[in-house]
Amino acid sequence: MKTLRRTLLAAVALALTASLAPVQAQDIKPRLIRFGYGLAEDSNQGRATKVFADNVLKLSGGKMKLRAIGGAALGPDTQMQQALIGGAQEMMVGSTATLVGISKEMALWDTPFLISSAREADALLDGPVGDKVRAKLEEKGLVGLVYWENGFRNVTNNKRAVTKLEDLDGIKLRVMQNNVFLDSFKALGANAVPLPYSELFTALETKAVDGQENPYNTILSAKFYEVQKYLTVTNHVYSPWIVLVSKKYWDGLSKDERAVLQKAAVISRDFERQDTRAEASRALGELKAKGMQINELSAAESTRMRDRLTRVNAGVAANVGMELWSETQAELVKIRAKK
Ligand code: TK8
């Protein structure tokens, strides 16, 4: 009898421990951060997200954990931005261009031919101008941690090789949901159609649009070469990505937790730029091997395109404010003089 009682007690004790176990596990459950992005897992965006995730885990001693969700599975950029503002999602990385409706200063980065080298991009984005534009997000419910490189954008299409300005005439060209891009491509004679990135491949495949513009990396990782024949090296604008945190979530973090995200973001940024540039430097060869017909623009045609786009600049200056515009120009002069 005694033994039975003892056995029963032991069983009860065991059951108690077992039922306590999940509670304990919950106590040390890492803070889960949903981090959304638009490109494929196997892209420069996906690779850098992995580096960010690994570093968040490491720097927090396992207390903060990222759940990375790529392929726009949480929705296109604009939808994720709203989820961050509302506090339904913690983090994302996406184009600055899709943020303009929320924070008008972001339009600065849409200025055609503003930045002409990677060195200039890093100096401008990581310097006082980049900081100022980033800081403007806070009043809108977002915290911008760092800029990643999306890259210099180039035009692809399925109609014809674009060797001169007139070749763009009437080409149905998908642009990001952003007025500067819309106006730019209208000014160049294309029939510009704004669409979220998540709908782009299908739009190209079904021929709802003839072309698009994105950096080499994306043309490669998104397999646009499967549905696009011609690539024209236009380098018409340098596009950044920005790593964002929901301000609602950020405000609830401790100083240490914020420092973890900031540190990991800087590490991911440095990795991402290096990785993106390495991939971009070999992408043209790979795209050619995949069957794309690639052409450069003559210097004269490039100048014609630039001239046509200068009228867009006045609009950007008005949008972001003359003060920020002038500061940017002055900063670029300084950066260029440092060569
Ligand atoms: C990814 C997009 C993409 C951008 C575009 O979400 O939309 O063409 O270049 O990187 O933001």
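Details
- For segment 204-332, the tally of Lys pairs with Cα-Cα distances below 17 Å comes to 8, considering only residues 8 or more apart or on different chains.
- Ordered from highest to lowest accessible area with the whole protein assembly present and a 1.4 Å probe, Glu166, Glu213 read as Glu166, Glu213.
- Label-point separation, Glu139 to Ser116 (7 Å along Cα→Cβ), nm: 3.4
- Rounded to two decimals, the Cα-based Rg/Rh of the chain, with Kirkwood Rh, is 1.10.
- Mean Cα-pair separation over length for the chain, i.e. relative contact order, pairs under 8 Å, 6 or more apart, %: 25
- Percent carbon-and-sulfur accessible area, the chain, ignoring ligands, DNA and RNA, probe 1.4 Å: 54
- Between Glu149 and Trp241, Arg273, the built amide H atoms are under 5 Å apart, and every one of these is 5 or more places off in sequence or on another chain.
- Where the chain is the region considered: accessible area per residue in Å², 1.4 Å probe: 46
- Helix-only mean residue ellipticity at 222 nm for the chain, each DSSP H run of n ≥ 4 adding -39500 (n - 2.57), per residue, nearest 500: -16000 deg cm²/dmol
- When +1 charges are put on Lys and Arg Cβ atoms and -1 charges on Asp and Glu Cβ atoms, the dipole computed for segment 69-128 relative to its Cα centre reaches about 120 debye.
- Entries in Lys132/Lys186; Lys50/Lys132; Lys140/Lys186; Lys132/Lys334 that, when Cα-Cα distance is taken, lie over 21 Å: Lys132/Lys186; Lys50/Lys132; Lys140/Lys186
- Of all aspartates and glutamates in the structure, the ones whose alpha carbon falls short of 18 Å from that of Lys339, not counting any fewer than 8 places away in one chain, are Glu120, Asp122, Asp126, Glu331.
- Stretchable slack from Ser198 to Val266, in nm (0.36 nm times residue separation minus alpha-carbon distance): 21.8 nm
- Cβ-based charge dipole, the chain, positive-most Cα from Pro112, Ala318, Ala40: Ala40
- Taking max minus min of the alpha-carbon positions on each principal axis, segment 132-275 gives extents of 55, 30, 26 Å, largest first.
- Across segment 176-191, computed HN-Hα scalar couplings (Karplus, 6.51 cos²θ - 1.76 cosθ + 1.60, θ = phi - 60°) run 5, 7, 7, 5, 5, 5, 4, 5, 4, 6, 5, 4, 8, x, 7, 8 Hz from first to last residue, x flagging Gly and Pro.
- Sequence ranges 198-205, 42-49, ranked by mean other-Cβ count within 10 angstrom, highest first: 42-49, 198-205
- Per-residue SASA entry for Trp241, accessible area with 1.4 Å probe, Å² rounded to 10: 10
- Within the straight-line cut-off of under 20 Å between alpha carbons, the aspartates and glutamates reachable from Lys63 are Asp27, Asp54, Glu90, Asp251, Asp256, Glu257, sequence neighbours fewer than 8 places apart in one chain being disregarded.
- FRET efficiency for the Arg160 to Lys58 pair, using the beta carbon distance and R₀ = 51 Å, is estimated at 0.55.
- Net length gained if the chain between Thr303 and Lys132 were fully extended (0.36 nm per residue, minus Cα distance): 58.5 nm
The values are calculated or read from the model by the stated rules, or taken from the named source; none is laboratory data. This one's a predicted model, so the numbers in the text were calculated from it and none came from an experiment. Note that each Cβ is placed from the backbone with ideal geometry, even for glycine, and that neighbours are counted across all protein chains shown. Keep in mind that these areas ignore ligands, DNA and RNA; they rest on the heavy atoms of the full protein, side chains included. Shrake-Rupley method; radii C 1.70, N 1.55, O 1.52, S 1.80 Å.
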